[in-house]
1. Being in a helix (DSSP H, G or I) and surrounded by fewer than 22 Cβ atoms within 10 Å (Cβ to Cβ) is the requirement here; does ARG49 meet it?
2. Pairs please, first residue from the stretch 181-206 and closer than 25 Å to PRO333 by Cβ, second anywhere and within 12 Å of the ligand (Cβ to nearest atom) and of a type in the set (A, V, I, L, M, F, W, C), Cβ atoms under 6 Å, 6+ apart in sequence or on different chains.
3. With the requirement that a residue be part of a loop (DSSP other than H, G, I, E, B), away from the ligand (no atom under 16 Å from the Cβ) and within 26 Å of PRO208 (Cα to Cα), what does the stretch 117-157 give you?
4. Across the stretch 205-235, what is the total count of residues that are of a type outside the set (Phe, Trp, Tyr) and within 17 Å of the chain's Cα centre (by Cα)?
5. When the residues of the stretch 217-232 are filtered to those that are touching a helix residue (DSSP H, G or I) at 6+ places or on another chain (Cβ under 6 Å) and within 16 Å of the ligand (Cβ to nearest atom), which remaining residue is most open to solvent (accessible area, probe 1.4 Å)?
6. Under the condition of being touching a helix residue (DSSP H, G or I) at 6+ places or on another chain (Cβ under 7 Å) and outside any helix (DSSP H, G or I), which residue from the stretch 194-210 is surrounded by the most Cβ atoms within 10 Å (Cβ to Cβ)?
7. All but one of (1) closer than 21 Å to LEU332 by Cα; (2) modelled with pLDDT under 95 hold for VAL247; state the number of the condition that does not hold.
8. Checking the structure you have, find out if any residue of the stretch 158-173 is in a loop (DSSP other than H, G, I, E, B) and open to solvent by 40 Å² or more (accessible area, probe 1.4 Å).
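The values are calculated or read from the model by the stated rules, or taken from the named source; none is laboratory data. Keep in mind the model is a prediction, meaning the values are calculated, not measured. Here the Cβ is made from the backbone with ideal geometry for all residues, glycine too, and neighbour counts use every protein chain on show. Note: accessible area is taken over every heavy atom of the protein model, side chains too, but ligands, DNA and RNA are not part of it. Shrake-Rupley method; radii C 1.70, N 1.55, O 1.52, S 1.80 Å.
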Amino acid sequence: MAARLRRLILLFALAAAVPLVGLVPIAAGQAPAAQAAPARHVDRSVLMRDVATLGAAAFEGRGTGTPGGLGARQWLVEQFRSVGLQPAHTSDYLQPFTVTARDLRAIPPGGRPFRSTHEAANVVGRLSGRNPGGRIIAVTAHYDHLGVREGVLYPGADDNASGVAVLLAAARHFRHNPPQHGFVFAALDAEELGLHGATTLVRSAVLPSERVALNVNLDMVSRNDRNEIYAAGPYHSPWLTPILLDVQTRAAVRILFGHDRPDSRSRGLEDWTRSSDHAAFHEAGIPFVYFGVEDHADYHKPTDNPDRIDPRFFGDVADMIVEALRTFDARLP
Ligand SMILES: [Zn+2]
């Protein structure tokens, strides 16, 4: 009896353990590999063309208000127009603003940084959803970078030509696949000087922030040799977690959770809640998901070149982000 009972208990324990075994890969912060065939949405040759264009020397590292920054801005306006986005601002896609900030690029040797004023502008376009007047999903990515410092060019391919290239890919996708909710696409300026473009957008009438249900911010999304990318934000908005786990089943990259908790409870991971443009939305009480890779050796270096981007990883990330946006659009609570 006892033996049978022991066997029964053992069987029970085993039966109880089997489902767990299936789930164990979901270690805290990690999600299982795709079960369904990974979703494909993005034209990867256009994606690579866009990141190479923005990361090219012609745009001189896209310093805010510099000739290179203005060139990138004009190129973005042409892209928004050719995609067929509606201007979010009355006449065109530009939301100009002025930034007075400590300009680290202009420190004379041994000197102290001094405040300088920059003519900046966000590039903002929108797509109305199938239920006009409803809630909005705001997709953001900063297009500015460090520019040229003491004669050295900082191309900023991963930071953040990559995020802008995915934003353009998403805009093209939804232009041809009308979403349920309205979408605002914003290529933001002056992030490197202090998230000024995002703050300007959130506090302005260009974005009716009371209607924004979710901000999806893209900053550094093209490089990781562990096939991983973080989705920071669910700690503040837990309803995002099941949606991202669902997206994971149709993605070829691993979505990690983390980098969004107060340092004390984050297993030593830096808290990115205020590290990029989503911070302005978070401050305004708007839920956010920030997609970004772990910092790499070329972060804020002159070596952050387009030719260091892995087209396979970057393409898989772009497809995952568009799939995530489709799923958020379909499943907003
Ligand atoms: Zn950045």
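1. Working: in a helix (DSSP H, G or I): yes; surrounded by fewer than 22 Cβ atoms within 10 Å (Cβ to Cβ): yes.
The answer is yes for ARG49.
2. From residues that are closer than 25 Å to PRO333 by Cβ, the pairs are ALA198/LEU188.
3. Restricting attention to the stretch 117-157, the residues satisfying the condition of being part of a loop (DSSP other than H, G, I, E, B) are 128-135, 143-146, 150-151, 155-156.
Add one more test, that the residue is away from the ligand (no atom under 16 Å from the Cβ), and what stays is 128-135, 150-151.
The answer is SER128, GLY129, ARG130, ASN131, PRO132, GLY133, GLY134, ARG135.
4. 20
5. ARG223
6. Checked the stretch 194-210; the qualifying residue surrounded by the most Cβ atoms within 10 Å (Cβ to Cβ) is LEU207.
7. Every listed condition holds for VAL247 apart from (2).
8. So the first thing to find is which residues in the stretch 158-173 are in a loop (DSSP other than H, G, I, E, B), and the list is none.
No; the residues of the stretch 158-173 include none that is in a loop (DSSP other than H, G, I, E, B) and open to solvent by 40 Å² or more (accessible area, probe 1.4 Å).
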